[in-house]
Amino acid sequence: MAPNMQTDKLAKVASLDHVNILTNDIDACRRFYIDILGFEEGFRPDFGFPGLWIYLDSAPVLHFIKTDKSQPMNSGAIDHIAFRAHNFENFAARLKANNIDFSEQAVPEMDLHQIFCYDPHGIKVEFNFAGQDRPWKTLQEERKDRHAPPAKPVRRAIGKASTRKTATGKDTKKDPVTSRVKCCA
């Protein structure tokens, strides 16, 4: 069935609103996301069942619903949830101070550095640090590269190199780019 072109401009997804996670341990969620990672707890309407909404920049991005059942320790079909983050060094230090295991990955093509860890439910959480928020070591290496003396220009030959024999019988090549050319007057 072809899409209705009359409604295409109106029917458009704007952005991701939130992720909803089932939990049997609201306190563990609160400790991990608020106490350790620095998110904020915020308003949650009374839906008639317990839960927790966690905010980032005034938006409730993580919703937790309390269940009595133990949930599997994984993300199901979802591989991970990701957030933009700032100040890589302080963020990594905070995770270390709270004994949170994490891994790092650089994505130089995107000017990005990532941290991956797992929440109390085994859900993989990704944090992206862009530009100046990347690791200090990476920024220092880039600064060194910027202040290094420029590399000598590489000359590329356009013609064929000629070969000559030396007095000892070894071959030498004459570079057509650097050889002198007589100019017409």
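The values are calculated or read from the model by the stated rules, or taken from the named source; none is laboratory data. Note that the coordinates shown come from a computational prediction; the quantities given were computed from them, not determined experimentally. Cβ coordinates were reconstructed from backbone atoms using ideal geometry, including for glycine residues, and neighbour counts include every protein chain displayed.
Let me confirm something: among D68, D25, which residue is in contact (Cβ under 8 Å) with a residue 60 or more places away in the chain and not hydroxyl-bearing (S, T, Y)?
Checking each option against the conditions leaves just D25.
Could you tell me which of the residues E104, E109 is in a strand (DSSP E or B) and on the phi < 0 side of the Ramachandran plot?
Working: E109 fails: in a strand (DSSP E or B).
Residue meeting the stated conditions: E104.
Could you grab the pairs with beta carbons closer than 6 Å, sequence gap of 6+ or different chains, first residue in segment 86-107 and closer than 16 Å to V125 by Cα, second one assigned to a helix (DSSP H, G or I) and of a type outside the set (A, V, I, L, M)?
Listed pairs, sorted by first residue: H86/D133; F88/D133.
Here's a check for you: in segment 34-88, which residue that is of a type in the set (S, T, N, Q) and either outside any loop (DSSP other than H, G, I, E, B) or at pLDDT below 90 (or both) is farthest from S15 (Cα to Cα)?
S70
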